[in-house]
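Report on the structure given below.
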Amino acid sequence: MEHLNNESLARKFERVCEILEENNYDKNKLISILQQVQEEYRYLPEKILMFIATSLRIPPAKIFGVATFYSHFALKPKGKFVIKVCDGTACHVKNSIPIVEAMQKHLGLSNEKNTTDDMMFTIETVSCLGACGLAPVVLINEDVHSLMTPEKAIAAIEKVLEKEVQYEEVA
């Protein structure tokens, strides 16, 4: 899990307060507020959702309803790199499941545990990425990888890791 020190947590909480202020504590802007908060944390922590509910004077059930209705929102921490594997009809028939299985095995993940312990990767299957002609498709953050195979998927993960190591060496 991502370990945040008290100073970092305080900074993130201050940002939540700023987001609420910038939106004038307007409950009609709930989705926008949740999107901005998720940008800060990479997910929506339960305690923060409760704070938002109290601040906007709306029932916590409404906030959780919105957060669970839209697939964009996450209630569990996600990795720095979110890998979305399309399992729509075109991708499924072109063997998207073996791609998921290969990546899970490579990263030590499963259907129950979809985020690595170091918070680097999260693997999700999605219904459609809208690129059926390029099936099977994998999206790593915003980068589209088409005509994937299990081997190409693992190579894409390795390339991401290689770039991360290079970035850390420069920083």
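Coordinate-derived values only; no laboratory data. Note that the coordinates shown come from a computational prediction; the quantities given were computed from them, not determined experimentally. Neighbour counts run over all protein chains shown; Cβ positions are idealised from the backbone, glycine included.
Quick notes on this structure:
- Panel order for Met50, Met120, by other beta carbons found within 10 Å of each beta carbon, from fewest to most: Met50, Met120.
- Distance from the stretch 47-102 to the stretch 9-45 (C-alpha centre basis), Å: 17 Å
- Fraction in percent of alpha-carbon pairs per bin - 5 Å, the stretch 6-69: 4, 19, 35, 27, 12, 4, 0
- Span-like helix ranges in the chain, DSSP H, alpha carbon extent 18 angstrom or more, Kyte mean at least -1.0: 6-22, 150-170
- In this simple spin-label model, placing a label point 7 Å from the Cα along the Cα-to-Cβ direction at both Glu14 and Lys163 gives a separation of 3.1 nm.
- For the chain, taking a cut-off of 4.7 Å between Cβ atoms, the unpaired cysteines are Cys17, Cys128, Cys132.
- Over the stretch 81-170, the alpha carbon radius of gyration divided by the compact-protein estimate 2.2 N^0.38 Å works out to 1.05.
- Between His106 and His72, the simple spin-label model (points 7 angstrom out along Cα→Cβ) gives 2.9 nm.
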